[in-house]
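> First the structure, then my questions, so here it is.
Values in this text are rule-based calculations from the coordinates and carry no lab data. Since the structure is predicted, the reported quantities are computational estimates derived from the model, not experimental observations. Virtual Cβ from ideal backbone geometry, glycine too; neighbours counted across all protein chains shown.
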Amino acid sequence: MFQSTETGAQPPTVPPAQSSKAKPKREKVTNVLYGSLEALDRMTKHLHTLHYAEHDDWSDPIPSGKDCQWMVVLIKHLMIE
């Protein structure tokens, strides 16, 4: 593309490709939603329509300790390279 007009110009050096790929590792990601029972039900179903997680993969609702607020938990595992 661009060429140097200088004589004896050296091409840029590129680091050598790694011969061995790093082994992928499995990592855990914890998803927590807070809200009313109705809102949590609606959100977990919406996330299902987005193919994020099955509705039944979420935990049963757990009281959060605040009035009318619950939480549900989902743990997903990802392969990180």
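> Would you mind stating whether TYR52 is assigned to a loop (DSSP other than H, G, I, E, B), without any contact (Cβ under 8 Å) to a residue 60 or more places away in the chain and surrounded by 12 or more Cβ atoms within 10 Å (Cβ to Cβ)?
yes
> Which of the residues spanning the stretch 55-64 are surrounded by 10 or more Cβ atoms within 10 Å (Cβ to Cβ) and either at positive phi or assigned to a loop (DSSP other than H, G, I, E, B) (or both)?
Residues satisfying the conditions are TRP58, SER59, PRO61, SER64.
> May I ask you to list the residues in the stretch 24-44 that are in a helix (DSSP H, G or I) and either exposed (fewer than 11 other Cβ atoms within 10 Å of the Cβ) or in contact with an Asp or Glu (Cβ under 6 Å, 6 or more places away or on another chain) (or both)?
Listed by number, the list holds a single entry, GLU38.
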